1. THR190 - would you say it is in a loop (DSSP other than H, G, I, E, B), farther than 28 Å from PRO366 by Cβ, at pLDDT 95 or above and more than 16 Å from the ligand (Cβ to nearest atom)?
2. What's the number of the only condition in (1) away from the ligand (no atom under 13 Å from the Cβ); (2) buried (at least 24 other Cβ atoms within 10 Å of the Cβ) that ARG170 fails to meet?
3. Just a yes or no: is a residue in segment 174-184 among the hydrophobic types (A, V, I, L, M, F, W, C) and not in a helix (DSSP H, G or I)?
4. Looking at ASP139, ASP152, which is the one that is charged (D, E, K, R) and either within 16 Å of the ligand (Cβ to nearest atom) or within 30 Å of ALA74 (Cβ to Cβ) (or both)?
5. Any idea which of LEU141, LEU87, LEU65, LEU49 is aliphatic (A, V, I, L, M), at pLDDT 90 or above and more than 17 Å from the chain's Cα centre (by Cα)?
6. What do you reckon, is GLY107 within 16 Å of the ligand (Cβ to nearest atom), in contact (Cβ under 8 Å) with a residue 24 or more places away in the chain and crowded, with 18+ Cβ neighbours inside 10 Å?
7. Which residues, taken from segment 1-53, are of a type in the set (Asp, Glu) and either outside any helix (DSSP H, G or I) or within 26 Å of LEU278 (Cβ to Cβ) (or both)?
8. THR164: within 15 Å of the ligand (Cβ to nearest atom), of a type in the set (Val, Ile, Thr) and closer than 25 Å to VAL17 by Cβ, yes or no?
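The values are calculated or read from the model by the stated rules, or taken from the named source; none is laboratory data. For clarity, every value in this text was computed on a predicted model and none was experimentally measured. For neighbour counting, all protein chains shown are included, and Cβ atoms are generated from backbone atoms with ideal geometry for every residue, glycine included.
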Amino acid sequence: MILATVQPFQKSAGSDVNFGATVSNVDIEELSDANFYILQNALFEHQVLVFRNQAHVSPKAQFELTQRLDPKAAGTYGHGTSLNAKLSVLHPDLKTIPHQPQVQVIGNGFVDEFEGLKNFQLRHPHHRTFHATAIPDEDDLVATRFYRWHIDAALYGLAPPVATTLLAVRVPGGRSQVIRYDDGTGDELTVPLGTTVFASGYSMYDILSAEDKEFVRTTKVEYAPHPYIWMSSARSRPDGLGLYSEGKELPPSDLPPIEEDKIQILPMCWVNPVTGRLALQVHPSAVRKLHLKDGTVLEDLEKVRALIHKLQRPGISPNMVYAHDWEEGDLVLFHNRGVLHSVVGAFAEDEVRIFRQCNIAASHFPVGPSDQITAA
Ligand SMILES: [Fe+2]
């Protein structure tokens, strides 16, 4: 039997990316138990796994791989049916595959037929629809932004998925773009068109000062109820790492009914189930309050966001970001509880891109450092 081989990414010059691996000699459509255990361990060790030449993988096999990483999960999509809410910021970006509803189609351009979906328009999210400011139109094909750094998670009711799979079916290529941080630092990063970028929550934690480490280990984050509807009128910082506070969030009266027991208060740091390392894992746009060690609850949204941004921003510096150069047939499996990621780029109208994405709401919530102490 041929066993999968795991090759950590080679570091490029100037890069401090210390995660990610390419997995070879494996067919996701016909995944043996032995190979599954290899890639499960590799996932928690390397956080982002790239499998080339997987164009033949069915939506069913994609779902089954995702489900197998959390076999007790009920098998519902990570956002449940909340995507259907017209006001949700996620609503325009995803189309559900009718015969495999945990798998979504994302991309750009007009598609005649794909997996039972007919004559539909995909729209690659453009930062001008979400950021407070935008790259000038004349630069739009050469320069871009991180659209929105995030974890794939409903953050209300359903537990954050353990892993997400992305399969590149059709990839327009051939040019690169420069990501501008536009935050006064002058930071820029040249990336392939339509890349997906990843930043490690472990590195984000590791590079903090001792004082900040203590703070993030002992603080919990309360997320807004119905966060993607709540944030729908608010606007993002230019680095895609959280929102400006201009009072634009929807009031509870404009949200669907709020069930208090679905509101999530999660540790700021999540423990890796295999390595025991701590990842600073916060969805910066969905944060509402902070619960401090001494029991104080920090409710001032502007202050909460400023704090989170200060903690996370070093971890998305150009030297810390992995930008995947998509080829058709690439399947990327990432540890959604160990990395943050973002869509990037601006396509022309006729640049057709088709991806399939799958994640499922987890069977359990992430464990924080203090949960471990309590359990010991
Ligand atoms: Fe995502």
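1. So THR190 does not fit the description; no.
2. (2)
3. yes
4. ASP152
5. From the options LEU141, LEU87, LEU65, LEU49, the qualifying one is LEU65.
6. Here the answer is yes, as GLY107 does meet what is asked.
7. The answer is ASP16, ASP27, GLU45.
8. yes
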